[in-house]
Amino acid sequence: MRRLCEHSFVMYADALLLLFELADKEDERFQLAAARWHARFVLEANLPLREAEAVMTLLGRLRGADRHVVRRRLLLSVERCGLTTREISRELAAPAPAYERS
């Protein structure tokens with residue numbers, strides 16, 4: 001997931017769909033991937049703190065009973081911010097750990 005999301009061709013909405021998949025599979029990478037997606041989305045969309053908190057709350061509810069409603073709300077948030085087809089910027093990506101740079 002990390003390597004995939006750091007390629008410039010991944011769109012915000014596509015990365016969100018990958019998060020949905022990780023959540024469904026209860027993949028151990030979900031939490032870190034969700035935190036990274038959230039950070040990039042909040043910075044790119046220039047969200048105020050209250051809205052950023054609401055998006056994080058939704059991400060935390062991706063595995064809940066209302067996950068379909070939550071997923072729709074997250075996708076609408078991306079669309080509302082005009083980021084549906086925007087590529088995730090590499091400038092917001094964290095530097096690769098030393099073991100990946102070799």
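The values are calculated or read from the model by the stated rules, or taken from the named source; none is laboratory data. Since this is a predicted model, take the numbers as computed values, not measurements. Counting neighbours? That spans all protein chains shown, and the Cβs are built from the backbone with ideal geometry, glycine included.
Which ones in segment 67-92 are surrounded by fewer than 16 Cβ atoms within 10 Å (Cβ to Cβ) and outside any helix (DSSP H, G or I)?
Within segment 67-92, G82, T84, T85, R86, E87, S89 meet the criteria.
Do we have any residue at all in segment 53-66 that's touching a residue at least 40 places away in the same chain (Cβ under 8 Å), closer than 22 Å to M11 by Cβ, in contact with a helix residue (DSSP H, G or I) (Cβ under 7 Å, 6 or more places away or on another chain) and not in a helix (DSSP H, G or I)?
Scanning segment 53-66 turns up at least one residue that is touching a residue at least 40 places away in the same chain (Cβ under 8 Å), closer than 22 Å to M11 by Cβ, in contact with a helix residue (DSSP H, G or I) (Cβ under 7 Å, 6 or more places away or on another chain) and not in a helix (DSSP H, G or I).
I'd like to know if segment 38-57 contains one or more residues that are of a type in the set (K, R) and at pLDDT 95 or above.
First pass over segment 38-57, keeping only residues of a type in the set (K, R): 40, 50.
Okay, now just the ones that are also at pLDDT 95 or above, so 50.
Within segment 38-57, one or more residues are of a type in the set (K, R) and at pLDDT 95 or above.
Identify the single condition in (1) within 20 Å of T85 (Cβ to Cβ); (2) modelled with pLDDT under 95; (3) among the aliphatic types (A, V, I, L, M) that A65 does not satisfy, given that it satisfies every other one.
Unmet condition: (1).
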